[in-house]
Amino acid sequence: MMSWACRSEESESPNNLIPYLPNDVALNCLARIPRSHHPTLSLVSKPIRSLLYSPLLFTTRSLLQCTQPLLYLTLRSRDSSLQWFTLHRTNPNPLLAPLPPIPSPAVGSAYAVLGPTIYVLGGSIQDVPSSHVWLLDCRFHRWLRGPPMRVAREFAAAGVLHGKIYVLGGCVADTWSRSANWAEVLDPASGRWERVASPTEVREKWMHASAVVGDRIYAMADRGGIAFEPRSCAWESVGGELDHGWRGRACVVEGILYCYDYLGKIKGFDVGRGVWEELKGLENALPRFLCGATMADLGGKLCVVWECQCNGKEMEIWCAEIGVKKNSDGELWGQLGWFGKVLSVPKGSSIVNCSSVSL
């Protein structure tokens, strides 16, 4: 009887997440609620609000396999300031919600996603390349300073493989230090950057695009592209087909690299076959031209964000989610899930980056 009374008293405690439920059961329930409902959920009670801002919730969501891919977008305004947003899939109209600004905005930073964190690597500040690294903890939308790189960089390439962050180029290899550290790798567990040996012939300064396909990091330079395989530390030039067809920002979905070719077509590159294919099925689904098109893998779907110029002093940011697959004939086929306007911004703004983070 006393044992039951103790449990009853605990279940009715004002610190309980849900009245009359043990906290471990309540946590199991609350962790399954979609992230988009968390702002409303935080208004229910102080214990629930505290849970939403604790690592325990996100660990539980991961263990229950309840994480969701969320889109994060960076825009540059006309005055060169950076604005950060996350996409809320609210019904009926998804929208971009603002986030705290990065403490030290830079031009030409590289971006990498590892776990719940977006790494912002280098970039120039007042026309001077920096080695700064900033981390956006997407669980709590909090900025943290990361370990600085060994070399200052702008317009570098970056990629994540085997739990480590690799950065390539973005510096002039005119000194021993810059040459030796043209490529480097961060192990987040140790918080240290280490040099990665690279042959002289691959050391281009500017890298205008990069992506990870399989076990390789692909980066497009001023003249040609390169591929790096970390486990064997092997470097090689990419084939002419990939080099000539890769235009603009790209992303990888289910092993296929997608980019927008500025001629109104989304194309996919099959690295194994070495060929580009047009993503069919979207001929009448999207606008003819997608200005500033930027892409991300949003939980196995292709997410495309673009700029839409309007009359007056504003421009619009639009977003589309596309299911991609190969049909029975082996052709790449896209099915539009939804698309629409998600934000209005002053004219002169531009999309810098979009990333997908699972939380």
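The values are calculated or read from the model by the stated rules, or taken from the named source; none is laboratory data. Source: prediction; values computed, not measured. We place every Cβ from the backbone using ideal geometry, glycine too, and count neighbours over all the protein chains shown.
Of all residues in region 162-181, those satisfying the criterion of being among the hydrophobic types (A, V, I, L, M, F, W, C) and part of a helix (DSSP H, G or I) are Trp176, Ala180. A residue that is crowded, with 19+ Cβ neighbours inside 10 Å, modelled with pLDDT under 95 and part of a strand (DSSP E or B) cannot be found anywhere in region 281-291. For region 180-215, a residue qualifies if it is of a type outside the set (A, V, I, L, M, F, W, C), more than 20 Å from the chain's Cα centre (by Cα) and farther than 22 Å from His162 by Cβ, and the qualifying residues are Thr200, Glu201, Arg203, Glu204, Lys205. At least 1 residues being in the same structural domain as Cys171 (by TED's automatic domain parsing), in contact with a helix residue (DSSP H, G or I) (Cβ under 6 Å, 6 or more places away or on another chain) and farther than 18 Å from Tyr111 by Cα is the threshold, and among the strands (runs of 3 or more DSSP E) wholly inside region 185-232 those reaching it are 192-196, 225-229.
Please state which of the following conditions Asn93 fails to meet, knowing it meets all the rest: (1) in a strand (DSSP E or B); (2) touching a residue at least 12 places away in the same chain (Cβ under 8 Å); (3) surrounded by fewer than 18 Cβ atoms within 10 Å (Cβ to Cβ). If we test Asn93 against (1) in a strand (DSSP E or B); (2) touching a residue at least 12 places away in the same chain (Cβ under 8 Å); (3) surrounded by fewer than 18 Cβ atoms within 10 Å (Cβ to Cβ), just (1) comes out false. The residue of region 335-350 that is nearest to Ala97 (Cα to Cα), among those that are among the small types (Gly, Ala, Ser) and outside any strand (DSSP E or B), is Ser349.
Evaluated against (1) under 20 Å from the mean Cα position of the chain (by Cα); (2) at positive phi, Gly330 falls short on exactly one condition, (1).
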